[in-house]
1. When the residues of the stretch 109-127 are narrowed to those that are under 20 Å from residue 37 (Cβ atoms) and of a type in the set (A, V, I, L, M, F, W, C), which ends up surrounded by the most Cβ atoms within 10 Å (Cβ to Cβ)?
2. Does the stretch 133-148 contain any residue that is in contact with a Pro (Cβ under 8 Å, 6 or more places away or on another chain) and either more than 16 Å from residue 32 (Cα to Cα) or free of Cβ contacts under 8 Å to residues at least 40 places away in the same chain (or both)?
3. Tell me, which residue of the stretch 35-53 that is within 16 Å of residue 98 (Cβ to Cβ) and part of a helix (DSSP H, G or I) is nearest to the chain's Cα centre (by Cα)?
4. Mind listing whichever residues of the stretch 5-61 are more than 30 Å from residue 152 (Cβ to Cβ) and at pLDDT 50 or above?
5. Residue check, residue 85 against (1) hydrophobic (A, V, I, L, M, F, W, C); (2) touching a Leu at 6+ places or on another chain (Cβ under 7 Å); (3) assigned to a strand (DSSP E or B), all met but one. Which one?
6. Where the second residue is surrounded by fewer than 13 Cβ atoms within 10 Å (Cβ to Cβ) and in a loop (DSSP other than H, G, I, E, B) and the first is charged (D, E, K, R) and lies in the stretch 156-171, which pairs have Cβ atoms under 7 Å and are six or more apart or on separate chains?
7. Based on this model, can you work out whether residue 59 counts as out of contact with any helix residue (DSSP H, G or I) (no Cβ under 7 Å at 6 or more places or on another chain) and in contact (Cβ under 8 Å) with a residue 40 or more places away in the chain?
Amino acid sequence: MPKFVRHAGWILAMLLCAAARAAAPDEYQVEAVFLLHFTQFVEWPPSVLPDTSSPFVIGVLGQDLFGNALEDAVRGESVNGHPLVVRRFAKGTDLTPCQILFIDRSAVHDVDRILGPLAHTGTLTVSNFEVPAPADVIIRFLNEDRRIRLRINVDYARNAGLTISSKLLRPSQVVGTIPVG
């Protein structure tokens with residue numbers, strides 16, 4: 001058997017591994033998919049989307065490092081018949097109602113002014129940085145050893161009128177009190 005043929009399988013395996021590494025999603029691509037999946041594991045109060053033609057909005061506040069990943073993730077998707085759309089807000093004063101709001105680190109100066117008024121509006125607040133006290137988001141992405149994990153504040157979720165599925169809570173770091181019963 002020629003030497004090339006004997007090594008062809010090994011070379012193919014090396015090329016496939018290199019391609020997989022090159023195509024590995026970055027942190028924001030993974031977070032974009034998480035934002036989409038939150039729509040399946042969080043229950044919003046009916047008052048949040050009273051009109052059946054209203055879009056389900058995922059907002060991004062501050063610098064948008066998602067690129068096209070968020071649009072790609074939500075393209076063609078809907079939540080209970082509501083089409084998913086992405087809206088971007090440069091600063092807190094630009095905010096319009098949304099069901100999920102991702103707050104980028106660049107908007108840290110707006111966090112205190114934003115989170116207070118959003119506390120009881122049915123908005124799922126999400127970030128990937130530690131928000132300075134006393135404010136906090138409902139879900140924070142934690143990057144541990146190049147893996148995305150979730151920290152969920154169930155008290156803040158309850159205050160917002162949101163119910164988070166145990167399927168999302170189980171693998172997450174939970175902050176607050178989970179009601180029994």
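The values are calculated or read from the model by the stated rules, or taken from the named source; none is laboratory data. Note that the structure is predicted; figures quoted are calculated from it, not measured. Don't worry about glycine lacking a Cβ; one is built from the backbone with ideal geometry, like all the others, and counts go over all protein chains shown.
1. Of all residues in the stretch 109-127, those under 20 Å from residue 37 (Cβ atoms) come to 122-127.
Among the residues that remain, those that are also of a type in the set (A, V, I, L, M, F, W, C) are: 124, 126.
Working: 124: 25, 126: 23.
Filtering first and then ranking leaves 124.
2. Applying the first criterion (in contact with a Pro (Cβ under 8 Å, 6 or more places away or on another chain)) to the stretch 133-148 yields none.
No - not one qualifying residue is present in the stretch 133-148.
3. 35
4. Just the residues of the stretch 5-61 that are more than 30 Å from residue 152 (Cβ to Cβ), to begin with: 5-22, 53.
Result: 53, single match.
5. Result: residue 85 passes all but (2).
6. Matching pairs, first to second residue: none at all.
7. When the stated conditions are applied, residue 59 passes them.
Yes or no, residue by residue, for (1) without any contact (Cβ under 8 Å) to a residue 60 or more places away in the chain; (2) among the acidic types (Asp, Glu); (3) on the phi > 0 side of the Ramachandran plot; (4) buried (at least 20 other Cβ atoms within 10 Å of the Cβ):
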site: 71; (1), (2), (3), (4): yes, yes, no, no
site: 81; (1), (2), (3), (4): yes, no, yes, no
site: 86; (1), (2), (3), (4): yes, no, no, yes
site: 101; (1), (2), (3), (4): yes, no, no, yes
site: 107; (1), (2), (3), (4): yes, no, no, yes
